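Readers should treat all values here as calculations from the given coordinates under stated rules, not as data from a laboratory. Everything numeric in this text was worked out from a predicted model, so none of it was measured. Quick reminder, even Gly has a Cβ in these numbers, built from the backbone with ideal geometry, and neighbours come from all protein chains shown.
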Amino acid sequence: MVAPGITGHTRPTKVKKQAAAQKRKRDDVDVEQLEAAVERLDPKNETYKDFTDLPLSEPTKLGLKSCHYAVMTDIQARAIPLALKGCDILGAAKTGSGKTLSFIIPVLENLYRLQHIGMDAGLGALIISPTRELAIQIFDVLRKLGRHGHMFAAGLVIGGKSLDAERQALTRMNILVGTPGRILQHLSQTVAFNVDDLKMLVLDEADRILDMGFQRDVDAILEYLPKERQTLLFSATQSKKLSDLARLSLQEPEYVSVHAEDKSATPKTLQQNYIICPLDEKLDTLWSFIQASKKSKILCFFSSAKLVRFVYESFRHMQPGIPLLHIHGRQKQGARLDTTAKFSAAKYSCLFATDVAARGLDFPAVDFVIQVDCPEDAETYIHRVGRTARYNREGRGVLFLTPSEEEGMLKRLEAKKVPVELINVRQKKRQSIKDQLVHMLFKDPQLKYLAQKAFVTYVKSIYLQKDKEIFNLKEYDLEKFAGSLGLPGAPRIKFLKDDDARKRKAVSRQELEVSESSDEGEEDGQPAQKKAKTVRTKYDRMFERQNQDILADHYKKLVRDDMEGGAAASADQDAEKEAADDADDDFLAVKRRIPAEDDVSDIESAVDEATSAEARGRKVVNLPGASQPLIIDSNRREKLLKSKKKLLKLKDKGKKIVYDDEGNPHEIYELEDEADFKARGLPEEQRKKYLEAAREEVQAADVTDKATAKAKRKEKMRKRKERERAEAEAAAGGVEIGDEGVDALANFRADAESGGSEDEEDAPKGKKQKKWFQSDSEGEEGDRKKRAKKAKTEVQEPQTLEDLEALAAGLLG
Ligand SMILES: Nc1ncnc2c1ncn2[C@@H]1O[C@H](COP(=O)(O)OP(=O)(O)OP(=O)(O)O)[C@@H](O)[C@H]1O
């Protein structure tokens, strides 16, 4: 198999051509025999177990052998024979049950029997996947299986590479794997891309591809494809919606649903648990879990990219003792692929992810899938948890549910026949990381900013959830949640006006996840055309941010005020701007409370305005302490009168005054009259006079100071002599002074001379001084904590995987 741009041939062209010609001759015979054998297949009455039971071409057999695939999985045994016979298929099977081969083998075989090979044949099969990572994975399986003698040209189009390079290769391709957006882009822009003779269309993760997020792209793609074709749809959670089937022009499709028999939609080897965890305890619980499972491969799901970044960055600072990775749609493609490869290869690692990693990815040997944030629905739960316990391996899934999410989510899971069992977190084993987070955020403003964004995006994700039976924003203690992220308080969030919010609510959560990453040209199959076109600088983006009041102070000073009265006008402008970059804030607005100097209107014009307003019959109120009258021209202004806090804003801010030696108040800068200044002489002469007078003043003060210092010294000397005399008399009187007594005396003298500062020097070196605000007991408490912490870190590391799994299980058991 040839994969343009990916594999190259080293053999000279002549030899290659001869080999191909010979092969084709052999294939002619092969093809006829295969056709006859496929005709004889009777999937409805016979069962097939091994791949050798099926009439497959030599190259496919060799491919299967080289990958050590011998026995078919259930979905393969049922779907492949039907697909070989040309049926349209709607295949549903549990995660990790081998669906990829269920469509790759029919694609290779059906095109092989049709000899749909070479440049002139054009595109024979199109395989669509919702994410780039999954497309790469499918292409990899195709390559491995097809490289033992198949002559197809196969390619991968997922964006992130030059369109031109892809264009040239596209014209030669027989099999194409890609994401919806990029495929559509080529269909609409690459003239030589010929799909008129397409024989097969495959949708992997079909329910995802057919949902709202991809609807437009997929419908547009279908417009280009011939109606006469074979269509295969596969997913772990399959939609049977008639409208979808009609869209795809399926012809009497065969429903191949493998989990119908054992009733459960998840693998038997998967142990599924859930814990009840209040929102503000999630990070503590997760941290403790990771600490107890260092020798494991863990995949943790969160609801937003910002949350993933925050948890990754903060946990990394705390050195958890296990390699941490993170993946989300906002990363560059290279970084995502790098992370996928690293996590696949890792023995022990913990990957923090958004749902971009929820579907289809075949990471080997994942021990735990932790759903830290509740999935939007049961389907997403199934796909997430399906990253473990793949192909008969064991695995464990733990779902964190807040008390308010429990009932609704369990109902949804039950409806999908997903067996989850409640377990408890051992409170004794739960470590609190709140203080560490507070400390880190205090020291690192960037981390604090990330925490604030994480908070906002989390709240947004809850607000946007469609299933209000599970997600009810009022039930979450947001103040405590902010505290658990290390924030001093919850950033203030104000929801947009009702109609706007309603519009946004209609957008599905999936669409949001997709659009979250649209800044990468095409992300998860979103077309690149949707990208914002204008070039904007960092500063443009800075001013466009809605959550200005959670930015650093100096940003605040740069922000123009949206005073209550002007808010309506600026809201429209904001709405336009906000559509661009900070997409995840676009239904939320943080109240702006920062007045800027140039927006406070000129008093005179305000008074004029008030007079004319009064003339027009409007109510005008003179606020005590305010420099301008307040015109009441709307209900909002009327309400304003009732709020003391808001009225405060309209009052004069006050000035800074300095007092001279006589106690007279002055402005900080007082400029005298120019004529008076000139009358006193030339500026240079005035300066000299001033300096002379000041010098005389200083000299006089110096003389007095010296005299005072001398008098003090004399007095001190006199006192010391008196003391020595008293000591000598005491000694003569027979009082014994031991070593201790001498020390005490010496100390006393030093005290007298230095005002007691020796005390500090006497404190043992190396031991940290107590702070003035620390009481003794606090100090001891601190020491005790330190000792306890030390003891904690000295706890014996378990040596075997079993030990650690037992520990991990212990935490959750
Ligand atoms: N017949 C087989 N024999 C042995 N291993 C197999 C067989 N079929 C598939 N596998 C292996 O099982 C694993 C899961 O396969 P695959 O990724 O196709 O699952 P899936 O059903 O598509 O999962 P998901 O629903 O999560 O996308 C892969 O590592 C694959 O190599």
Spread of Cα-to-Cα distances over 10 Å intervals beginning at zero, given as percent, for region 270-484:
8, 36, 40, 16, 1
Other residues with Cβ under 14 Å from the Cβ of GLU407 give, with Lys and Arg +1 and Asp and Glu -1, a net charge of -3
Enumerate the amide H contacts of GLU254 below 5 Å, restricted to partners 5 or more residues apart or on another chain; note that Pro and chain-start residues carry no placed amide H.
ASP88, ILE89, LEU90
Per-residue HN-Hα couplings for region 198-214 [Karplus 6.51, -1.76, 1.60; θ = phi - 60°; Hz; x = Gly/Pro]
5, 9, 9, 10, 10, 10, 8, 6, 4, 4, 5, 5, 8, 7, 3, x, 10
Length-normalised contact order of region 218-358 in % [C-alpha pairs under 8 Å, at least 6 apart]
24 percent
Karplus-derived 3J(HN,Hα) from phi for region 352-368 (6.51 cos²θ - 1.76 cosθ + 1.60, θ = phi - 60°), whole Hz, x at Gly and Pro, runs 8, 9, 8, 5, 4, 9, 7, 10, x, 5, 9, 6, x, 6, 7, 7, 10
So, by mean Cβ neighbours within 10 angstrom, what's the order for 81-94, 419-432, 316-329 with the highest one leading?
81-94, 316-329, 419-432
Quick one: which residues, 5+ away or cross-chain, put their amide H under 5 Å from the amide H of PHE152? H built at 1.01 Å from N.
VAL2
Karplus-derived HN-Hα couplings along region 334-351 (A = 6.51, B = -1.76, C = 1.60, θ = phi - 60°), whole Hz, x at Gly and Pro:
x, 5, 5, 5, 4, 5, 4, 5, 5, 5, 4, 7, 5, 8, 10, 6, 10, 10
Using the structure shown, list the pairs from LYS306/LYS434; LYS411/LYS434; LYS44/LYS199; LYS460/LYS642; LYS49/LYS144; LYS619/LYS645 with a Cα-Cα distance above 26 Å, or answer none.
LYS411/LYS434; LYS460/LYS642
Percent antiparallel among DSSP beta bridges confined to region 29-257, rounded to 5, stands at 5 percent
Can you tally the net charge around GLU685? Count Lys and Arg as +1, Asp and Glu as -1, for every other residue whose Cβ sits under 13 Å from the Cβ of GLU685.
+3
Under 5 Å, built H, 5+ apart or other chain: amide partners of LEU399:
ASN273, TYR274, ILE275, GLN371
Note down the net charge around LEU450, summing +1 for each Lys or Arg and -1 for each Asp or Glu among other residues with Cβ under 11 Å from its Cβ.
+2
Can you put TYR255, TYR476, TYR449 in order of Cβ neighbours within 10 angstrom, beginning with the fewest?
TYR255, TYR449, TYR476
Computed E for LYS706/ASP676 - FRET, C-beta separation, R0 41 angstrom, nearest 0.05
0.60
